[in-house]
Every structure is written in structure tokens, then in C-alpha cells.
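Worksheet: one structure, shown below.
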Amino acid sequence: MKLGIFAKTFEGAEPATVLNSVAGAGFTCAQYNMACSGLSPMPEIITEAQARSVAEAARARGVEIVAVSGTFNMIHPDPAVREVGLRNLATLAERSAGMSTALITLCTGTRDPIDQWKAHADNSTPEAWRDLLEAMGAAIEIAERYDVDLGVEPELANVVNSAEKAYRLITALKSPRIKIVLDPANLFEVATLDEQRSIVSSAIDLLADRIVMAHAKDRKPDGGFATAGKGVLDYRHYLGRLKAIGFNGSLVAHGLSAPEAAGVAAFLKNSLDGNSAGAGR
């Protein structure tokens, strides 16, 4: 597996500055965010030169851009907000090749009108699912036009809140453009060790042929998020299950501070190498 990190972990509004920090912390790939180019995360306009500068900076520092963030609220209660998100997704998709990447990560969304990462009671309604299918259909058309894939991540607070919902989405859409970004810390809040292992194993087995990226963060015993290696997630089990399905994509850390980055890189490398000091619980 390739060791990566959210580029936005590091301060900076120039790709060279940010990607130098990525490499310096011990990572060989990054999930990019246009904020690292001094733009909004989902800009209306990305020039060819701005896209090219990302690829050039990555190449100069030996960092692979494995994905770019294209998250917007795909089931926002206001259809006009969804339309803006889709237009900006097209902008991002058009420039992805220039940034030397072919994967855009998405947020399946929530009915919360303010925070796209906040749960809402209406997320489980048929209407929310209908709106997601409509938005994803439009996103797939964009992906086909610009030859990119779309990374869907099951998140407890979003409409696709489980591996089963992700599988249902894949089955409904029938598009090879839909890929899975798997973050086990987004599949449970509080669980016993046996429960979390069962949840993680089931998710990986169910979605195995679509997983293109794995995320690395953690959970505290009370359910809050934690830095990878500092919580209750059984990394030995998680990475072992990924290896068992032949996954050799990127393992991307996030939910950490810049000063923690080098330590997380060392933890993940040790975990991947199977060393007891960093192999999780």
C-alpha cells in the first residue's frame, strides 16, 4: 500500500509549499484539496496553469496525487445548492488530468442545510435517496465526460451511512465510475473489539472490488474521533483485511494536525510492515 495524507493537513496556499510538507513528513502520496492552491475547495474556475502547478509540484517532490477532494452536499435540501455543487464538480473533473489524478472524492450528503458532515433525521427517507440517485447520475455523466472515477465514502452522518448502503448505491447506479473510499472509523462510533472487527471485515468483504482508497484515522473510547494509532481501532485487523483482498492502493491519513504527521507516517509504516510496535491492538 502507498502511504498518503490529506494535503490540507498542512498550511499553505501554494502546491509546492504543501506538497513539500507532505514529502517531508514521510508520505509518498496525497489526497489534494484546491484550498492548497489558494482557491476554495470547490472553485468555480480552475485555470490550466493552476492545475499544472499541482502536477509539477507533486512530481518535483516525489508525491503522487491519488485523489482530489470534490465534496459538496449532494442531497442539500435546496436543489439550487446541489446544482452549484455539480457545476463545480465538472470544473474539478475537467482539470483532474492536468493535476495528474483520476479520482475525485465525494460526500453523499445530508439534509442538514449548514453542515454537510452533520446527521439529519431525513437522511433515511425515500426522498433523500431519490435525490442522491439523481445527483449521482449527473456526477457519473461528468465523470464519463472527463474520464475520472468518483470515490464514495460511507459516513455515519450522511445518506450513505454504511457499507450496505454503499453497495445498494453501486447496485442501483450500475456504473464502473463509482468507487469506494473506506474509512473504518466512519463505520462505528462506540463498539466492542469484536463488534468493530465484524463491522470492518463485513464492509471490506462486501465492497472489495470497488475499494480504491483506504483512510486512516481513529476513534476514542467515547466515540469521538482520534488520530490514527491513538484510539481503539484495531489497525492490525483493518490492514490485514485489506491485504487479504489484495488491496494495494493508497492508505491516506487525515483527522490529524501537521505536527502529528510524521508520527502517524511512522505508525502506519510500522503497521503495514507488521511490526508489533505499530501494528495496532
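The values are calculated or read from the model by the stated rules, or taken from the named source; none is laboratory data. Note that the structure is a prediction, hence the values are computed from the model and not measured. Note that each Cβ is placed from the backbone with ideal geometry, even for glycine, and that neighbours are counted across all protein chains shown. Note: areas computed on protein heavy atoms with side chains; ligands, DNA, RNA excluded. Shrake-Rupley method; radii C 1.70, N 1.55, O 1.52, S 1.80 Å.
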Test Ala226 against the criterion of being small (Gly, Ala, Ser), touching a Lys or Arg at 6+ places or on another chain (Cβ under 8 Å) and touching a residue at least 24 places away in the same chain (Cβ under 8 Å), and give yes or no. yes
Qualifying positions in the range 158-181 - under 16 Å from Gly109 (Cα atoms) and in contact (Cβ under 8 Å) with a residue 60 or more places away in the chain: Val159, Leu169, Val181
Somewhere in the range 233-247, is a residue aromatic (Phe, Trp, Tyr), open to solvent by less than 10 Å² (accessible area, probe 1.4 Å), out of contact with any Ser or Thr (no Cβ under 7 Å at 6 or more places or on another chain) and assigned to a helix (DSSP H, G or I)? yes
Filter result for the condition that a residue is hydroxyl-bearing (Ser, Thr, Tyr), closer than 28 Å to Val63 by Cα, open to solvent by less than 20 Å² (accessible area, probe 1.4 Å) and touching a Phe, Trp or Tyr at 6+ places or on another chain (Cβ under 9 Å), over Thr101, Thr110, Thr105: Thr101
Name every residue in the range 201-223 that is open to solvent by 20 Å² or more (accessible area, probe 1.4 Å) and either part of a strand (DSSP E or B) or more than 19 Å from Leu169 (Cβ to Cβ) (or both), in order of residue number. Ser201, Val212, Lys220, Pro221, Asp222
So in the range 1-43, with the set limited to residues that are small (Gly, Ala, Ser) and part of a loop (DSSP other than H, G, I, E, B), which one is least open to solvent (accessible area, probe 1.4 Å)? Ala25
Based on this model, can you work out whether Pro113 counts as in a loop (DSSP other than H, G, I, E, B) and touching a helix residue (DSSP H, G or I) at 6+ places or on another chain (Cβ under 6 Å)? no
Quick one: in the range 138-170, which of the residues that are of a type in the set (Gly, Ala, Ser) and touching a strand residue (DSSP E or B) at 6+ places or on another chain (Cβ under 7 Å) is surrounded by the most Cβ atoms within 10 Å (Cβ to Cβ)? Ala139
Restricting attention to the range 44-92, which residues are of a type in the set (Ser, Thr, Tyr) and open to solvent by 20 Å² or more (accessible area, probe 1.4 Å)? Thr47, Ser53, Thr71, Thr91
Scan the range 58-74 and give yes if some residue there is among the aromatic types (Phe, Trp, Tyr), out of contact with any Asp or Glu (no Cβ under 6 Å at 6 or more places or on another chain) and in a strand (DSSP E or B), otherwise no. no
Take the range 171-187 and flag every residue that is touching a helix residue (DSSP H, G or I) at 6+ places or on another chain (Cβ under 8 Å) and surrounded by 20 or more Cβ atoms within 10 Å (Cβ to Cβ). Ile178, Lys179, Ile180, Leu182, Pro184, Leu187
